[in-house]
Amino acid sequence: MSRGMAWELAGGGVTVNCVLPGPTMSGGVLAMFDELHPGLDPAEQERRYLAENRAAASLLK
């Protein structure tokens, strides 16, 4: 529902926020980051992952 509201209101000066549960920085997440971005420190791996996977889905205008 929040995604639909955000889509309809995008660019209108209204921000729709929602709190969703997500993964914690577990051993499995760290292993996935190591597979995707080997040789980088965990903070840089996280930054790159978010930059590559979240920006495309953003509705911010």
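The values are calculated or read from the model by the stated rules, or taken from the named source; none is laboratory data. Worth saying up front: this structure is predicted, and the values here are computed from it rather than measured. Cβ atoms come from the backbone with ideal geometry, glycine included; neighbour counts cover every protein chain shown. These accessible areas exclude ligands, DNA and RNA; they are computed on the full protein's heavy atoms, side chains included. Shrake-Rupley method; radii C 1.70, N 1.55, O 1.52, S 1.80 Å.
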Q.
I need every pair where a residue in region 21-37 that is touching a residue at least 12 places away in the same chain (Cβ under 8 Å) and more than 11 Å from residue 49 (Cβ to Cβ) has its Cβ under 6 Å from the Cβ of a residue that is open to solvent by less than 80 Å² (accessible area, probe 1.4 Å) and outside any helix (DSSP H, G or I), sequence separation at least 6 or different chains.
A. none
Q. If you check residue 40 against the conditions, is it assigned to a loop (DSSP other than H, G, I, E, B) and open to solvent by less than 60 Å² (accessible area, probe 1.4 Å)?
A. yes
Q: State all residues of region 17-46 that are among the hydrophobic types (A, V, I, L, M, F, W, C) and under 16 Å from the mean Cα position of the chain (by Cα); if no residue qualifies, say none.
A: 18, 19, 20, 25, 29, 30, 32, 33, 36, 43
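Between 20, 30, which is of a type outside the set (Gly, Ala, Ser) and modelled with pLDDT under 85?
It is 20.
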Q) Does residue 9 fit the bill of being at pLDDT 80 or above, open to solvent by less than 80 Å² (accessible area, probe 1.4 Å) and more than 13 Å from the chain's Cα centre (by Cα)? A) yes
